[in-house]
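The values are calculated or read from the model by the stated rules, or taken from the named source; none is laboratory data. Treat the numbers as computed from the prediction; the structure is a model and nothing was measured. Cβ sites come from the backbone with ideal geometry, for glycine too, and all protein chains shown count toward neighbours.
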């Protein structure tokens with residue numbers, strides 16, 4: 001009898017939808033669990049080079065918690081490409097302006113830095129409030 005390793009294909013993915021409530025959750029701990037689910041590591045047929053993960057909807061992103069003094073000290077950077085074009089924003093100001101980006105940046109940093117990572121981050125939907133337009137996918141509540 002031959003033994004072989006099962007390698008999943010992209011067509012094998014069922015792509016379930018899950019919804020996560022971020023109210024009162026710590027940013028890093030929540031982001032690592034979301035990245036784990038997006039990558040598909042919870043599936044028994046996980047394959048590193050194939051998208052075997054689920055789609056995740058995060059609500060209440062504006063009620064996320066950062067521990068310690070990270071609200072004032074943690075900075076996010078972007079550069080325009082021009083000389084002197086570095087722009088800095090603290091986590092405190094980012095959560096006021098675009099709270100969805102705080103979770104998106106944390107999860108994106110935990111995904112692979114290649115085409116697969118770009119594909120996986122598109123399966124993450126983040127919303128500041130309770131409302132989301134994905135009721136048709138009937139996402140199941142996920143306790144993380």
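I'd like the full set of residues that are in a loop (DSSP other than H, G, I, E, B) and touching a helix residue (DSSP H, G or I) at 6+ places or on another chain (Cβ under 9 Å), limited to the range 100-144.
Start the filter on the range 100-144 by keeping residues that are in a loop (DSSP other than H, G, I, E, B), which leaves 109-114, 122-123, 127-134, 138-139, 142-144.
Once the filter is applied, which keeps residues that are in a loop (DSSP other than H, G, I, E, B) and touching a helix residue (DSSP H, G or I) at 6+ places or on another chain (Cβ under 9 Å), the range 100-144 yields 109, 110, 111, 112, 123, 127, 128, 129, 142, 144.
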(message) Name the residue that is nearest to the chain's Cα centre (by Cα), counting only residues in the range 6-32 that are assigned to a helix (DSSP H, G or I) and crowded, with 18+ Cβ neighbours inside 10 Å.
(response) 31
(message) Suppose we filter 77, 36 for residues that are touching a strand residue (DSSP E or B) at 6+ places or on another chain (Cβ under 8 Å) and not in a loop (DSSP other than H, G, I, E, B); which single one remains?
(response) 77
(request) Could you grab me the full set of residues in the range 53-64 that are over 18 Å from residue 12 (Cα atoms), out of contact with any helix residue (DSSP H, G or I) (no Cβ under 7 Å at 6 or more places or on another chain) and in a strand (DSSP E or B)? (result) 57, 59
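One line per residue, one yes/no per condition, for (1) free of Cβ contacts under 8 Å to residues at least 40 places away in the same chain; (2) touching a strand residue (DSSP E or B) at 6+ places or on another chain (Cβ under 8 Å); (3) at negative phi; (4) crowded, with 19+ Cβ neighbours inside 10 Å:
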position	(1), (2), (3), (4)
108	yes, no, yes, no
111	no, no, yes, yes
118	yes, no, yes, no
140	no, yes, yes, no
(message) Is it the case, given these coordinates, that residue 86 is in contact with a strand residue (DSSP E or B) (Cβ under 9 Å, 6 or more places away or on another chain), modelled with pLDDT under 95 and surrounded by fewer than 18 Cβ atoms within 10 Å (Cβ to Cβ)?
(response) no
(request) For residue 50, indicate whether it is buried (at least 20 other Cβ atoms within 10 Å of the Cβ) and within 21 Å of residue 116 (Cα to Cα). (result) no
(request) Inspect all residues belonging to the range 40-52 and state whether any of them is over 27 Å from residue 136 (Cα atoms) and not in a loop (DSSP other than H, G, I, E, B). (result) no
(message) Looking for something over 26 Å from residue 136 (Cα atoms), touching a residue at least 60 places away in the same chain (Cβ under 8 Å) and surrounded by 10 or more Cβ atoms within 10 Å (Cβ to Cβ) - is there at least one such residue anywhere in the range 66-80?
(response) no
